[in-house]
Ligand SMILES: O=C(O)c1ccccc1N[C@@H]1O[C@H](COP(=O)(O)O)[C@@H](O)[C@H]1O
C-alpha cells in the first residue's frame, strides 16, 4: 500500500469520470441517508459499473445492519466496505466473514489517547482510516465534515504503521499532510466539493495532482 488516493462521495457519472481519468485509486459511494452524498441503489449500481476495473470500489457505511450491507453489496459489488461508525471488533469480524469484502475501518482521532485503537482495529482492517472525530454539535455527520485533526499526533506512530488519512484534506494541504504524517493513502470528500455533496471536477483534479506530486517527492 503506497501512494494511494481515494475520492469519496461520488454521486454523478460526470464527476466519477473526472476522478477515474485523473487517476483515483479508490472511489467511495456513500450509503448513509443522512449524508448529502448518499446514493440510491440504482444510481450506485450504475456508477459502480462505470468504475469497475478502473478503481477499487468502496461502499461507505455507518453502523449498518446486515440487510443494509447486503443490498449495497448486491448493487455495487464493492472491493471494500468502509465502516465509519462505532462498529465493534466483533461486528467487524462478523461483517468481514459474512460479506467477504476487504475492510476499511475508520477511527476518529482527536487526541493522543485515540491512537490506542490503532493496533486492534488495524489488525482487523485491510486498510485503517484515520479521520477527524466529528464535532460534538447536534446533527454533525460521523465523517465528511471537512475538518482536519492535529496531524502532529501521528508523528508518534511507528513509521511502519500503514494508514489512510482523511479529515479536511484539500489540494492546498494534502502535500503537507502526506509529508508530516507519512500517510500511504489519502481520502477526501468535502475538500473536492463546491457545496456539500456537490463534487467539483477542477478540485478533484487539483487534489489528485497535489497528492501524486507529494508521493512522488517521497519516492512513492
Ligand atoms: O462523506 C460523508 O458524507 C460521510 C458521512 C458519514 C461518514 C463518513 C463520511 N465521509 C468520510 O469522512 C472522511 C472525511 O471526509 P472530509 O474529506 O473531511 O469531508 C472521509 O474518509 C470520507 O470517506
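Computed from the coordinates by the stated procedures, all read-outs in this text should not be read as laboratory data. Computed from a predicted model, the values in this text were never measured in an experiment. Reconstructed Cβ throughout: ideal geometry from the backbone, glycine too, with neighbour counts over all protein chains shown.
Conditions (1) closer than 24 Å to residue 191 by Cβ; (2) within 17 Å of the chain's Cα centre (by Cα); (3) without any contact (Cβ under 8 Å) to a residue 12 or more places away in the chain; (4) more than 15 Å from the ligand (Cβ to nearest atom), marked per residue:
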{"site": "90", "(1), (2), (3), (4)": "no, no, yes, yes"}
{"site": "96", "(1), (2), (3), (4)": "no, no, no, yes"}
{"site": "109", "(1), (2), (3), (4)": "yes, yes, no, no"}
{"site": "118", "(1), (2), (3), (4)": "yes, yes, no, yes"}
{"site": "130", "(1), (2), (3), (4)": "yes, yes, no, no"}
{"site": "133", "(1), (2), (3), (4)": "yes, yes, no, no"}
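Filter the stretch 21-47 for residues that are within 16 Å of the ligand (Cβ to nearest atom) and assigned to a helix (DSSP H, G or I); which is nearest to residue 212 (Cα to Cα)?
That would be 47.
Only residues that are closer than 19 Å to residue 7 by Cβ, part of a loop (DSSP other than H, G, I, E, B) and in contact with a helix residue (DSSP H, G or I) (Cβ under 9 Å, 6 or more places away or on another chain): list them for the stretch 168-193, please.
If the condition is that a residue be closer than 19 Å to residue 7 by Cβ, part of a loop (DSSP other than H, G, I, E, B) and in contact with a helix residue (DSSP H, G or I) (Cβ under 9 Å, 6 or more places away or on another chain), then 168, 169, 170, 171, 172, 173, 183, 184 are the ones that fit.
Given the residues 72, 30, 19, which is the only one that is surrounded by 23 or more Cβ atoms within 10 Å (Cβ to Cβ) and within 13 Å of the chain's Cα centre (by Cα)?
30
Among the residues of the stretch 135-167, what is the count of those that are surrounded by fewer than 18 Cβ atoms within 10 Å (Cβ to Cβ), within 13 Å of the ligand (Cβ to nearest atom) and free of Cβ contacts under 8 Å to residues at least 40 places away in the same chain?
Of the residues in that region, 5 qualify.
Of (1) touching a residue at least 24 places away in the same chain (Cβ under 8 Å); (2) part of a helix (DSSP H, G or I); (3) away from the ligand (no atom under 13 Å from the Cβ), residue 220 satisfies all except one. Which?
(2)
For residues that are within 16 Å of the ligand (Cβ to nearest atom) and farther than 22 Å from residue 184 by Cα, tally how many sit in the stretch 52-64.
Qualifying residue count for the region: 4.
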